[in-house]
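Right, one structure below, let's go through it.
Every number here is computed from the coordinates shown, using simple stated rules; none is lab data. All values derive from a computational prediction rather than experimental measurement. Neighbour counts run over all protein chains shown; Cβ positions are idealised from the backbone, glycine included.
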Amino acid sequence: MFINQRRALQGVQAMHDYGCMGTRNCTGRNIIMTTRRGRRATMRAYVDPGETKAWHQLDCKHVVEAQQFGPEALNVIFAEAERMERVRPGTAEAKVLDGRVMATLFYEPSTRTRLSFESAITHLGGIVLSTESAGEYSSAAKGETLEDTIRTIENYADCIVLRHFQAGSAKRAALVSSVPIINAGDGPGQHPTQALLDVYSIRKEIGRLDNFKIGLVGDLLNGRTVHSLAYVLSMFKGVKMYFVAPQVVAMKDDIKTYLTSKGVDWEEVDDLHQVASDVDVLYMTRIQKERFDDLKQYTQVGAVFQCSHAANNSALQHWLASRYSS
């Protein structure tokens with residue numbers, strides 16, 4: 001349903017100002033000195049949560065966590081995404097990334113996320129260097145650290161799309177990378193590019209990003225997509241969030257505390273059907289079997305919430321999420 005929107009938005013994410021010289025200390029300070037390809041310059045490479053959210057004005061645009069973005073940055077990204085949606089094969093715009101190289105480094109299984117990034121840059125004329133099951137089939141199997149892997153791959157690519165099984169891995173990568181790191185999911189941490197796509201799609205579907213109700217359903221403890229989405233939606237006025245999940249996979253306390261600090265109205269509920277009849281958007285996620293140490297516990301909650309259709313005119317978003325996405 002939203003394939004073209006995904007391609008457009010992730011095409012923007014693949015473009016991150018490849019002319020930047022990067023950084024050797026991206027997450028330490030916002031202003032750093034760097035040397036890349038024989039040139040030395042002062043670069044702005046990272047926006048910490050709490051700083052002015054001028055992500056779109058940075059020289060080297062890492063995408064590490066959803067809190068990096070502010071409303072102005074989102075408007076810039078979404079305007080570019082809409083332009084990318086109009087790109088057609090054979091046009092000059094379809095070659096905007098000609099000669100650019102994107103590396104996809106995936107330590108966890110992925111179909112939609114990896115292929116959507118690779119499709120995006122290919123449709124814009126770029127080249128893909130790809131590895132999946134990197135923990136098994138890369139030098140990590142020989143004991144190479146993530147940081148050393150990034151230091152190697154940055155010499156081959158203009159940006160690195162990283163999926164890893166440990167929360168915080170994308171920030172570790174950004175700390176040593178001289179090219180943009182794009183977090184495509186870090187364990188149970190965050191999935192900021194998915195959140196950007198989700199918010200873009202919500203705006204396309206209901207025509208606004210304020211004064212609406214959304215139900216977040218499923219594995220809210222381990223679901224990195226809902227974590228990032230909650231952070232992004234917290235910047236808009238009048239958004240009411242309903243958290244619908246078994247207690248064992250309820251929304252994390254730190255996120256609820258963050259939302260409260262931002263004045264966001266949220267509520268934990270048990271009745272999916274009641275929520276479905278009251279919200280503008282229903283966001284379904286699967287219970288993540290791979291995050292459970294006790295499989296008996298998983299079998300008790302794995303199929304608790306299923307939704308074949310929305311009870312009213314709410315926009316139903318899941319990307320086949322009930323079984324596969326994360």
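Placing a pseudo-label 7 Å from each Cα along the Cα-to-Cβ vector at E144 and K237 gives an inter-label distance of 5.1 nm. Highest average first, the peptides 183-191, 98-106 ordered by how many other beta carbon atoms sit within 10 Å of their residues are 183-191, 98-106.
Can you divide the C-alpha Rg of the range 197-246 by 2.2 N^0.38 Å and report the result to two decimal places?
Its radius of gyration relative to the 2.2 N^0.38 Å reference: 1.11.
Distance from the C-alpha centroid of the range 80-134 to that of the range 193-231: 23 Å, rounded to the whole angstrom. Note on the range 171-285: dipole from Cβ charges, positive end direction compared against S201, H227, V176; the farthest Cα belongs to V176.
Fully extending the segment from L129 to R208, taken as 0.36 nm per residue of separation minus the present Cα-Cα distance, adds 24.7 nm. Computed 3J(HN,Hα) for the range 213-228, one whole-Hz value per residue from the Karplus formula 6.51 cos²θ - 1.76 cosθ + 1.60 where θ = phi - 60°, is 10, 9, x, 9, 10, x, 7, 8, 7, 9, x, 5, 5, 6, 4, 5, glycine and proline marked x. Phi angles of the range 54-64 translate, via the Karplus equation with coefficients 6.51, -1.76, 1.60 and θ = phi - 60°, into HN-Hα couplings of 9, 4, 5, 9, 6, 7, 10, 9, 5, 10, 10 Hz per residue; Gly and Pro are given as x.
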